[in-house]
Amino acid sequence: MSLPDPAPRYAAHLDTLKARADEALARGGLDHLVIPSGRLHYQHADDLNYPFYVNPQFKAWLPLTRVPDSWIVYTPGQRPRLIFLQPRDYWHVVPAAPSGWWVAHFDIDIIRTADQAAALLPKDVARCAILGEAHSALGAYVPNNPEAVIDYLAYHRAYKTPYEIALMRQAQALAVRGHRAAEAAFRAGASEFDIHMAYCAAVGQDATELPYGNIIGLNEHAAVLHYTELERVAPAQSRSFLIDAGASAAGYASDITRTYAADPGSEFHAMIQALDAAQIRMGQAVAPGVDYKQLHLDAHLALMGILKDFGVITVSPEAAVASGLSATFFPHGLGHAIGLQVHDVAGFAASDRGGRIERPEGHPYLRLTRVLEPGMVVTIEPGLYFIDMLLDDARAAGHGEAINWDRVAQFKPYGGIRIEDEVLCTETGADNLTRPAFAEG
């Protein structure tokens, strides 16, 4: 698959960011946008730092993700400035000076110590919107995250530029490479830990570079939504495998989930196929003007149709949704926005001036409630699970007769199923970013 090159798309991306910053600063009554990359955060009573994760606001402007104590400064009408820390250091590798296709768009100052940045930042701190975490402070330059500025920038981050889409396609291709290696390791009888290691090796990223901790669950572990324990010993029999894992490309995330059955003749494999077909239809429903909340509610109905077909529930799909029984088997949201962060910001934003669009009643874990528009990228990740705690709750709530417990007992050893793609909303409908990467062979 030929992937688009982000380089020729970068100048237009930067123009978009500058225009957004101009408006955000005007709304906040401020003159300068100041973005720290972040500082290393150290463990208590030790000189060992936690893994460094760059400020998402910083990596939106340029493809640098491992640059603590650096700063971006933007003043409307001027070129953006990068203050880049290149320390004198013999304990660690000193980062190379900035280079590549993006540097021509910045004025760049190299500093040797973190405190040297203060002399290069705008003099009037009170006129600055400083975006970041509290521990990024440098003297008087303390992140203040003005609400009007943050609301505007976060809301518009949902609309991805062609540069961002190019990088997100790269992240898809990397993750799919890892997913193929992980499936092969599962088929070979590997442990969860060894599957994880095969994934990382194929992607070429370690656990601190991946956008989130890999979810690698064999058998019943697939019923734990965020299972990350990674058993070192393979089970005596691997019946099923759920992998939820992504990759990073210049700070942009992918987030892909697949589920496999060891026996292609099993009913569990047939249920995977049924859910996969339903998931494709859900992704195809992404289009301008579509309310994501309704996609989520429609997913509940479709998933209960699958359980009815497989004899797991004894009531109609409509009754299962109306009574709340559907949340026993599908307890999370259909998906979320994605981009600079796995669960990208402003999923509930009513407008770029703030406000909140609430979740539908009875659906507390939905992460996105906005109406879809061109440029938005969302995940579509329906799931069906056999979770002891939720099944016990359903029985206690009086739903026992609506469930075929013999069928539940048959499927419980497989844990559950989740299938997740990323879908771009375009002017004409849905552009699935994930499936073409798998189809490439």
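The values are calculated or read from the model by the stated rules, or taken from the named source; none is laboratory data. Note that the coordinates shown come from a computational prediction; the quantities given were computed from them, not determined experimentally. Glycine gets a Cβ as well: all are built from the backbone with ideal geometry, and neighbour counts include every protein chain shown. Quick note on the areas: whole protein, heavy atoms, side chains included, nothing else; ligands and nucleic acids left out. Shrake-Rupley method; radii C 1.70, N 1.55, O 1.52, S 1.80 Å.
Data table
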quantity: Karplus 3J(HN,Hα) series, Hz, for segment 401-407 with 6.51 cos²θ - 1.76 cosθ + 1.60 (x for Gly, Pro); calculated: 6, 8, 10, 8, 5, 5, 5
quantity: Amide N proximity, segment 50-71 versus residue 101 label position 7 Å along Cα-to-Cβ, cut-off under 13 Å; calculated: 63
quantity: Accessible heavy-atom area order of 405, 101, 61, highest first, probe of 1.4 Å; calculated: 101, 405, 61
quantity: Extended-chain gain in nm, criterion 0.36 nm per residue less alpha-carbon gap, residue 115 and residue 291; calculated: 58.6 nm
quantity: Loop-located GluC sites (Glu not before Pro) in segment 374-441, at most 12 other Cβ atoms within 10 Å (DSSP); calculated: 427, 440
quantity: Segment residue 427-residue 350, length gained on full extension (0.36 nm per residue, minus Cα span); calculated: 25.6 nm
quantity: Surface accessible to a 1.4 Å probe, residue 2 within the full protein complex, Å²; calculated: 110
quantity: Cα gyration tensor, segment 233-362 - rounded (a/c under 1.5), prolate or oblate; calculated: oblate
quantity: Loop trypsin sites (Lys or Arg not before Pro), segment 1-90 (other Cβ atoms within 10 Å of the site Cβ: 16 or fewer; DSSP); calculated: 66, 88
quantity: Under 26 Å, Cα to Cα: Lys pairs in the chain, sequence gap 8 or more or different chains; calculated: 8
quantity: Nearest-0.05 FRET efficiency for residue 46 and residue 267, computed from C-beta distance (R0 45 Å); calculated: 0.30
quantity: Whole-number percent relative contact order across segment 103-217, with pairs defined as alpha carbons under 8 Å at least 6 apart; calculated: 14
quantity: Shape call, the chain: gyration tensor on alpha carbons, a/c limit 1.5; calculated: prolate
quantity: Exposure ranking of 48, 225, 424 by accessible area [1.4 Å probe, largest first]; calculated: 48, 225, 424
quantity: Additional length obtainable on full extension of the chain from residue 135 to residue 409, 0.36 nm per residue less Cα span; calculated: 93.6 nm
quantity: Distance in nm between pseudo-label sites at residue 86 and residue 2 (7 Å out along the Cβ direction from Cα); calculated: 3.6
quantity: Cα gyration tensor shape for segment 107-165, rounded if a/c is under 1.5, else prolate or oblate; calculated: oblate
quantity: Filtered trypsin sites (Lys or Arg not before Pro), segment 138-242: DSSP coil and at most 11 other beta carbons within 10 Å; calculated: 232
quantity: Solvent-accessible heavy-atom area per residue, rounded to whole Å², over the chain at 1.4 Å; calculated: 43
quantity: Among beta bridges that DSSP assigns inside segment 1-125, antiparallel share in %, nearest 5; calculated: 60
quantity: Heavy-atom accessible surface of the chain: percent carbon and sulfur, 1.4 Å; calculated: 53
